[in-house]
1. Quick one: order 57, 10, 40 by neighbouring beta-carbon count within 10 Å, fewest to most.
2. For n ≥ 4 DSSP H runs only, could you compute -39500 (n - 2.57) per run for the chain, divide by its residues and tell me the 222 nm figure to the nearest 500?
3. Tell me which label goes with the value of Kirkwood radius over Cα pairs in Å computed from the coordinates here: (i) 11.6; (ii) 12.8; (iii) 12.4.
4. Only Cα pairs within less than 10 Å get springs; with that Gaussian network setup on the chain, which residue of 50, 17, 42 has the largest fluctuation?
5. Could you check the simple spin-label distance between residue 42 and residue 63, using points 7 Å along Cα→Cβ, in nm with one decimal?
6. Mind checking the full-extension length gain between residue 50 and residue 1? Use 0.36 nm per residue of separation minus the Cα-Cα distance, one decimal, nm.
7. Mean-square fluctuation check for the chain, GNM, Cα pairs under 10 Å: which of 29, 16, 38 is largest?
8. Order these by the 10 Å Cβ neighbour count, fewest first: 2, 22.
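Here, each number is a calculation from the coordinates, and none is a lab measurement. As the structure is a prediction and not an experimental result, all values here were calculated from the model. Cβ sites come from the backbone with ideal geometry, for glycine too, and all protein chains shown count toward neighbours.
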């Protein structure tokens, strides 16, 4: 594996970890996340929360 490919793989891993950590943080504090979503006026806080968790954790895994 060339150095360029290795650096690209490490970069993807680090970006994925950011997404996964953010999603896990939302899972750890669902009430706080839903409260924030409601406080900024977004509709359907529970659905928005679930969608955010799925996108962040799923996206992190997909990367």
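1. On the way: 57 18, 10 10, 40 7.
Ascending Cβ contact count within 10 Å gives the list 40, 10, 57.
2. Details: 3 runs with 54 residues, N = 63.
So the helix-based figure for the chain works out to -29000 deg cm²/dmol.
3. (ii)
4. Of 50, 17, 42, the Gaussian network model singles out 42 as fluctuating most.
5. For residue 42 paired with residue 63, the spin-label model returns 1.8 nm.
6. Values: separation 49, 0.36 × 49 = 17.64 nm, distance 3.83 nm.
Extending this stretch completely gives an extra 13.8 nm.
7. Of 29, 16, 38, the Gaussian network model singles out 29 as fluctuating most.
8. Values: 2 7, 22 17.
The fewest-first ordering by Cβ neighbours comes to 2, 22.
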